[in-house]
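Visitor: Pasting a structure here, questions to come.
Just so it is clear, none of the values below were taken in a lab; they were calculated from the coordinates. Please read these numbers as outputs of a predicted model, since none were measured by experiment. We place every Cβ from the backbone using ideal geometry, glycine too, and count neighbours over all the protein chains shown.
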Amino acid sequence: EWVCVSTDTKTVYEENGGTGKDFTTVVVSGNAAGVVSPPYVIYAAKTVNPLWCENGPAETQYRCSKKGWINEELFTDWFESLFIPETVHISKPIILIMDNLSAHISIKTIELALKNQIILMCLPPNTTHCLQPLDLTTFGFVLTYFRIYF
């Protein structure tokens, strides 16, 4: 395969690369006041390539997992390193509404929630599309623009 790039190009990207089976997960949270947390991006990789982190939104955290999906360890990391610090200034108790994914519930996450006066509320199975607040109000717009521009 031949690729033409300028001599100062350090990395060449394929416009339509990948297998079509690679996933990237982005965890976000927001509150009733409209404040949205920085993204927590999970790539399908063994290690995070520093190039993937360039020019991202401020305070974004980047992680990876084998398939690019969230797991128990990554959810706990998001909860402890991003969600709790982002909510420290909010009067307690607060509630975190989330889908009913087994990766969201671990003993460590529950202990952290209790310690920080955060009530964890899981939506019933198979209802995220009609009950999850961000699915109903935000993600539809994001998906529409993503399809247009990417």
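Visitor: Which order, highest average first, do 70-77, 57-64 follow once you tally other Cβ atoms within 10 Å for each residue and take the mean per peptide? Each step should come with its number before you reach the end.
Guide: On the way: 70-77: 18.4, 57-64: 13.9.
Top of the packing list down: 70-77, 57-64.
Visitor: Hey, what do the phi angles of the range 41-49 turn into as Karplus ³J(HN,Hα) couplings, whole Hz, using 6.51/-1.76/1.60 and θ = phi - 60°, x for Gly and Pro?
Guide: Result, ordered by residue: 9, 10, 8, 7, 5, 7, 9, 7, 6 Hz.
Visitor: Something else now. Using the Karplus equation 6.51 cos²θ - 1.76 cosθ + 1.60 (θ = phi - 60°), what ³J(HN,Hα) coupling, rounded to whole Hz, does each residue of the range 67-82 give in order, writing x for Gly and Pro?
Guide: The phi angles translate into 10, x, 9, 6, 9, 4, 5, 5, 5, 4, 4, 4, 4, 7, 8, 10 Hz.
Visitor: Can you list the HN-Hα couplings for the range 84-101, worked out from phi with the Karplus curve (6.51, -1.76, 1.60; θ = phi - 60°), rounded to whole Hz and with x for Gly and Pro?
Guide: Each residue's phi maps through the Karplus curve to give 4, x, 6, 10, 4, 7, 8, 5, 9, x, 10, 10, 10, 8, 9, 6, 8, 9 Hz.
Visitor: Rounded to the nearest 0.05, what FRET efficiency do residue 69 and residue 91 have when you use their Cβ-Cβ distance and R0 = 22 Å?
Guide: Once the sixth-power term is evaluated, E becomes 0.05.
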